[in-house]
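*Asks:* Below is the structure I would like to discuss, written out as structure tokens.
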Amino acid sequence: MASWNDPQTPRPGFGASPSLDGRTAGQAGYDAGLRKHMLSIYNYMASGILLTGIVALLFSRSGYAASIMGAGGPLAWIIILSPLAIVFAMSFGANKFSTGTLQAMFWGFATLMGLSMSTIFLVYTGQSIATTFFATAAAFAGLSLVGYTTKKDLSGMGSFLIMGVIGLLVAMVINIFLQSSMLQLAVSILGVLIFAGLTAYDTQRLKMQYYQLAGTDFAGKAIVLGALSLYLDFINMFQFLLSFLGSRE
């Protein structure tokens, strides 16, 4: 992980004056800054998801999704793999890119994800997609609230969940050859649980990260990268839920 991911507990400044409600003036300022920081992250994430959904719907209705993605040719693989390439570039090149460049990459990523996810409109009914989306949104909101408000340190859970993601990827590759419906169901259920845990973990991580990065040149970049993390949690949880809750056309 890059060093910008490491949380650091804030320390009140020496000589800070207490406010009327018992908090220091500095702490009150941090609280206001934290709320603004997290709201910016959620705004970026929600806008990215909205863009992905609009692109996916329009691309599926245009007929190009069926002809390009259904054919499985080189263009389809480029569309499928391009978002992953952007994620790696943003994660490992964050220190090199400017905030504006990261923002442009995020919107490009959200657009390509929309092209890639357009196939769900060809496989599942619109009603089941909408139902699953709102169920995911409700679950995400609740889990994110837990991560934001809990006093329990969730950092130890992060390594376990990342190992779980790696295990999921291995199981999904194996099932390409086995084509086991039971394994697919198990992967979907575990996927929902793992990304539910990551939602709470990432929310707390981003909250603690603010105290380390507030006032630095990296603060703007952290908003975009934080939005990317939560976007991935939401989209993966949605896709795994849809795989066993969605009604097929």
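*Asks:* Give all pairs with beta carbons closer than 8 Å in which a residue from the stretch 86-97 that is without any contact (Cβ under 8 Å) to a residue 24 or more places away in the chain meets a residue that is part of a helix (DSSP H, G or I) and surrounded by 10 or more Cβ atoms within 10 Å (Cβ to Cβ); count only pairs at least 6 apart in sequence or on separate chains.
*Replies:* Every condition considered, the pairs that remain are 89/105.
*Asks:* When you scan the stretch 148-170, do you find a residue that is without any contact (Cβ under 8 Å) to a residue 60 or more places away in the chain, surrounded by 12 or more Cβ atoms within 10 Å (Cβ to Cβ), among the aliphatic types (A, V, I, L, M) and assigned to a loop (DSSP other than H, G, I, E, B), even just one?
*Replies:* Yes, some residue in the stretch 148-170 is without any contact (Cβ under 8 Å) to a residue 60 or more places away in the chain, surrounded by 12 or more Cβ atoms within 10 Å (Cβ to Cβ), among the aliphatic types (A, V, I, L, M) and assigned to a loop (DSSP other than H, G, I, E, B).
*Asks:* Could you tell me which of the residues 192, 173 is closer than 28 Å to residue 145 by Cβ and either at pLDDT below 95 or in contact with a helix residue (DSSP H, G or I) (Cβ under 9 Å, 6 or more places away or on another chain) (or both)?
*Replies:* Values: 173 fails: closer than 28 Å to residue 145 by Cβ.
The match here is 192.
*Asks:* Name every residue in the stretch 64-105 that is within 15 Å of residue 226 (Cα to Cα) and of a type in the set (Phe, Trp, Tyr), in order of residue number.
*Replies:* Listed by number, the residues that qualify are 88, 92.
*Asks:* Just give me the residues in the stretch 88-114 being surrounded by fewer than 18 Cβ atoms within 10 Å (Cβ to Cβ) and in a helix (DSSP H, G or I), in sequence order.
*Replies:* 88, 89, 91, 92, 99, 100, 101, 103, 104, 107, 108
*Asks:* Now for a different question. Would you say residue 231 is more than 14 Å from the chain's Cα centre (by Cα), of a type outside the set (Val, Ile, Thr), assigned to a helix (DSSP H, G or I) and surrounded by 23 or more Cβ atoms within 10 Å (Cβ to Cβ)? Explain how you work it out, then say what you get.
*Replies:* Working: more than 14 Å from the chain's Cα centre (by Cα): no; of a type outside the set (Val, Ile, Thr): yes; assigned to a helix (DSSP H, G or I): yes; surrounded by 23 or more Cβ atoms within 10 Å (Cβ to Cβ): yes.
Answer is no for this residue.
*Asks:* Pick out the one residue from 179, 204, 184, 212 that is surrounded by fewer than 18 Cβ atoms within 10 Å (Cβ to Cβ) and either in contact (Cβ under 8 Å) with a residue 24 or more places away in the chain or among the β-branched types (Val, Ile, Thr) (or both).
*Replies:* Values: 179 fails: either in contact (Cβ under 8 Å) with a residue 24 or more places away in the chain or among the β-branched types (Val, Ile, Thr) (or both); 204 fails: surrounded by fewer than 18 Cβ atoms within 10 Å (Cβ to Cβ); 212 fails: surrounded by fewer than 18 Cβ atoms within 10 Å (Cβ to Cβ).
Matching residue, one of 179, 204, 184, 212: 184.
*Asks:* Before we move on, is residue 24 among the β-branched types (Val, Ile, Thr), modelled with pLDDT of 80 or more and surrounded by 15 or more Cβ atoms within 10 Å (Cβ to Cβ)?
*Replies:* So residue 24 fails the test.
For (1) surrounded by fewer than 12 Cβ atoms within 10 Å (Cβ to Cβ); (2) at pLDDT 90 or above; (3) in a helix (DSSP H, G or I), each residue gets a yes or a no:
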{"site": "1", "(1), (2), (3)": "yes, no, no"}
{"site": "7", "(1), (2), (3)": "no, no, no"}
{"site": "15", "(1), (2), (3)": "yes, no, no"}
{"site": "29", "(1), (2), (3)": "no, no, yes"}
{"site": "32", "(1), (2), (3)": "yes, no, yes"}
{"site": "46", "(1), (2), (3)": "no, yes, yes"}
{"site": "58", "(1), (2), (3)": "no, yes, yes"}
{"site": "76", "(1), (2), (3)": "no, yes, yes"}
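The values are calculated or read from the model by the stated rules, or taken from the named source; none is laboratory data. No experiment lies behind these values; they were computed from the predicted model shown. Every residue, glycine among them, receives a Cβ derived from its backbone with ideal geometry; neighbour counts consider all protein chains shown.
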